[in-house]
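Below is one structure, written out as structure tokens; comments come after it.
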Amino acid sequence: MTSLKVVVVDDEPLARERLSRLLREAGCEVVAELGDGPSLLAWLRSSPGEVDGLFLDIQMPGGSGLEVMAELPATPPVVFVTAFAEHAVRAFEAEAVDYVLKPVFADRLERCLARLRARQVPTRTGPELRALMPAAPQRFLVKAGVGNVFLDLKKVSHFEVLDEIVWAWAGSQRFRTQWTAIADVEAAFAEGKLLRIQRHQLLRLEAVLGYRTLPGGRWKVRVSEGVELEVSRSATPRLRERLGLG
């Protein structure tokens with residue numbers, strides 16, 4: 001199992017110690033334990049090296065976790081850990097990897113770590129090792145009547161999650177998959193053909209037929225006749241880069 005380097009930020013010492021212990025028991029390397037947002041920003045500026053995840057409380061002195069995330073110059077993957085469920089929508093709008101409610105339990109934490117590991121694969125795997133890895137699957141199961149059929153990834157324009165059901169869109173049709181979260185799709189196709197453009201949507205890059213610019217610099221991409229998808233402000237620069245447009 002891949003070891004993750006993580007940072008824990010929480011102003012409550014007992015909560016911080018408990019989460020750090022659970023992370024270490026799950027095989028993570030906790031490289032820093034911090035008590036507030038300014039401490040995290042200072043640590044990131046002074047500590048070179050890759051961090052696989054920030055476990056960040058939301059309500060803290062010196063700025064909320066959401067405010068701290070907005071200040072990060074290059075955002076490492078962020079997991080919000082909080083006792084307040086009402087912040088979930090804003091957290092995912094900020095493109096957090098996960099949102100874990102306190103008290104944190106080992107089984108829920110392991111699902112969160114699986115999402116972080118899924119994001120880690122494309123960046124941590126060198127070209128020599130990738131060449132030795134088996135090819136990723138290019139098709140997957142979808143519901144068809146009372147049974148299931150295989151759908152080829154290259155026929156899909158995008159994936160969308162609604163009410164814990166992931167739908168695969170092919171043209172103007174959608175197909176129900178066996179997944180329940182966008183992170184599950186990212187883990188299944190981790191070779192870089194997909195890009196999260198909203199917290200609930202994954203775009204297949206080769207499906208993009210064109211784009212237009214919206215106010216604020218955001219994009220809307222065309223993926224099939226009559227179907228356009230809006231790209232979040234933070235995802236637009238990544239999409240430009242992935243499409244070779246600078």
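The values are calculated or read from the model by the stated rules, or taken from the named source; none is laboratory data. Not measured: the values here are computed from a predicted model. Heads up, the Cβs are rebuilt from the backbone with ideal geometry, glycines too, and the neighbour counts pull from every protein chain shown. Surface areas here come from the heavy atoms of the whole protein model, side chains and all, with no ligands, DNA or RNA. Shrake-Rupley method; radii C 1.70, N 1.55, O 1.52, S 1.80 Å.
His200 sits with roughly 50 Å² accessible to a 1.4 Å probe, with DNA, RNA and ligands left out of the calculation.
Proximity of backbone amide H atoms, modeled 1.01 Å from N, is registered between Arg199 and no other residue at under 5 Å, excluding neighbours fewer than 5 places apart on the same chain. Taking Tyr211, Tyr99 and ordering them by how much accessible surface each has at a 1.4 Å probe, largest first, produces Tyr211, Tyr99. Only lysines eight or more places from Lys154 in sequence, or on another chain, were considered; those with a Cα closer than 30 Å are Lys143, Lys193, Lys220. For a straight C-alpha distance cut-off of 26 angstrom, the lysines reachable from Lys102 (same-chain residues fewer than eight places away being disregarded) are Lys5.
The charge dipole of region 182-223, taken about its Cα centre with unit charges on the Cβ of Lys, Arg, Asp and Glu (plus for the first two, minus for the last two), comes to roughly 340 debye. Rolling a 1.4 Å probe over the protein chains gives Glu110 an accessible area of about 70 Å².
A cut-off under 15 angstrom between Cβ atoms defines the neighbours of Phe150, and their net charge, with Lys, Arg +1 and Asp, Glu -1, is +4. Note down the accessible area of Val81, probe 1.4 Å, to the nearest 10 Å². Near enough 10 Å² of accessible area. For Val146 and Arg238, the difference between the fully extended length at 0.36 nm per residue and the C-alpha to C-alpha distance is 29.2 nm.
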